[in-house]
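For reference, the structure is listed below as structure tokens.
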Amino acid sequence: MEVVKNLDVEKYMGRWYEIASFPSRNQPKDGVNTRATYTLNQDGTVHVLNETWSGGKRGSIEGTAYKVDPKSDEAKLKVKFYIPPFLPIIPIVGDYWVLYIDDDYQYALIGQPSKKYLWILCRQPHLGEEIYNQLVEKAKEVGYDVSKLHKTPQADPPPDGEDAPKDTKGIWWIKSILGK
């Protein structure tokens, strides 16, 4: 599977809203306003903050992304999270491959080699239908079963993470493991 070459990592940093994704046992089924915020660390790795709202509360998990091969020009990364988020002791590592990004770094298609996961991300909480369909078509061209894509509801304006009630008990994470 081809990936983006020469990704400008600094330009990629910031907040990305999940427009659509394959359902995952790592996220609650009723999750809304899902987003990721990427911050470049001094050592060249990327701090990852994933947030989602479930039952009116903000759940989040933090991790680190890094290039699979630091010498390669390919946008193939690994992301490491520690679970459960309320007592982070077990490392979970996944692939994060940038399959497509527009020239202005406003929307992206993210996947991984097993094709079990797929994300359509955008800098804004909403993406025009024409561009969305183009990204879906790109995913289909590289072998993804796009019938599994689920659009993520996004509020307009998006919620402010700092003011939202937090899921301090990790209920969203436990629900997601149980498939709810």
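The values are calculated or read from the model by the stated rules, or taken from the named source; none is laboratory data. The structure displayed is predicted, hence computed values, not measured ones. Reconstructed Cβ throughout: ideal geometry from the backbone, glycine too, with neighbour counts over all protein chains shown. The protein model used for the area step is the full one, side chains on, heavy atoms only, and it has no ligands, DNA or RNA in it. Shrake-Rupley method; radii C 1.70, N 1.55, O 1.52, S 1.80 Å.
Could you please let me know if K115 is surrounded by 15 or more Cβ atoms within 10 Å (Cβ to Cβ) and farther than 19 Å from W16 by Cα? It is true that K115 is surrounded by 15 or more Cβ atoms within 10 Å (Cβ to Cβ) and farther than 19 Å from W16 by Cα.
Any residue in segment 145-152 that is modelled with pLDDT under 95 and of a type in the set (A, V, I, L, M)? Looking through segment 145-152, none of the residues is modelled with pLDDT under 95 and of a type in the set (A, V, I, L, M).
Check whether at least one residue in segment 97-108 is over 15 Å from the mean Cα position of the chain (by Cα), without any contact (Cβ under 8 Å) to a residue 40 or more places away in the chain, assigned to a loop (DSSP other than H, G, I, E, B) and within 20 Å of N26 (Cβ to Cβ), and report yes or no. No: segment 97-108 contains no residue that is over 15 Å from the mean Cα position of the chain (by Cα), without any contact (Cβ under 8 Å) to a residue 40 or more places away in the chain, assigned to a loop (DSSP other than H, G, I, E, B) and within 20 Å of N26 (Cβ to Cβ). Criterion applied to K80, K71 was being of a type outside the set (A, V, I, L, M), outside any loop (DSSP other than H, G, I, E, B) and open to solvent by 40 Å² or more (accessible area, probe 1.4 Å), and the one residue passing it is K80. Quick one: is N6 under 25 Å from P159 (Cα atoms) and polar (S, T, N, Q)? Taking the combined requirement at face value, the residue does not satisfy it. For segment 15-43, the candidate set comprises residues that are at pLDDT 95 or above and more than 18 Å from I120 (Cβ to Cβ); within that set, the residue that is least open to solvent (accessible area, probe 1.4 Å) is N41.
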